[in-house]
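Accompanying notes for the structure given below.
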């Protein structure tokens, strides 16, 4: 068996609050903490060494929560990675200068593929992550609102050539649903990306974490399952 997957708590920020969305729909939110900082501190208090922040308002073009993110970054005490609406070099570098450990590029990795190579060249592969959000294997963009017409397999070779080390793959159809992972889809994506692979969307129970371990997937970003307790955190795998 491979090492236990890294479970990364996610704090989704919408209108200044920590929420989770059902299938990425901003109209179907559950508020878990009024304060995203309180949410992040909660997971760090339980042992998280990395926290994943998503600016949902920036991702959907409804606004942004950069001041909240800067506050969390400055006081949390562990590294944070940030995604949501980072569509150009200026936005990425503003976050990096504010102390964010690494930026997560989504839509821009599809629409402006040179951006990923430029950021990696300037800041190193440890500071840049790409998130491919997909329905099946078709990549979705703009806060998951649009299909790109592109398949994951069309994008991964170029990302590897750009020097990308860590890829996040999110199954949009299962994000926030507690439906569990699609084993065959996980297996397909693992075959398409041989560097570090992190999964988002669908992790519901310890069985899903075992599935990740069996498929040799390095980690997962988890939200609703740890907020609602269907996956106890920190996660302990027997044996």
From the option list 217, 168, 226, 198, single residue qualifying as in contact (Cβ under 8 Å) with a residue 40 or more places away in the chain and part of a helix (DSSP H, G or I) is 226
Taking the range 217-239 and keeping only residues that are within 18 Å of the chain's Cα centre (by Cα) and over 16 Å from residue 49 (Cα atoms), one is left with 217, 224, 225, 227, 231
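Which of the helices (runs of 4 or more DSSP H) contained wholly in the range 19-132 include at least 1 residues that are farther than 19 Å from residue 200 by Cβ?
So the answer is 36-45, 66-75, 89-97, 107-111, 114-123.
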Expected output for the range 31-47 (first residue on the phi > 0 side of the Ramachandran plot and crowded, with 20+ Cβ neighbours inside 10 Å, partner at pLDDT 95 or above and not in a strand (DSSP E or B), Cβ below 9 Å, 6+ apart or cross-chain) is none
In the range 199-222, anything under 13 Å from residue 10 (Cα atoms) and surrounded by fewer than 24 Cβ atoms within 10 Å (Cβ to Cβ) is listed as 219
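The values are calculated or read from the model by the stated rules, or taken from the named source; none is laboratory data. If you're wondering where the values come from, they're calculated on a predicted model, not measured in any experiment. Backbone-built Cβ (ideal geometry, glycine too); neighbour counts: all protein chains shown.
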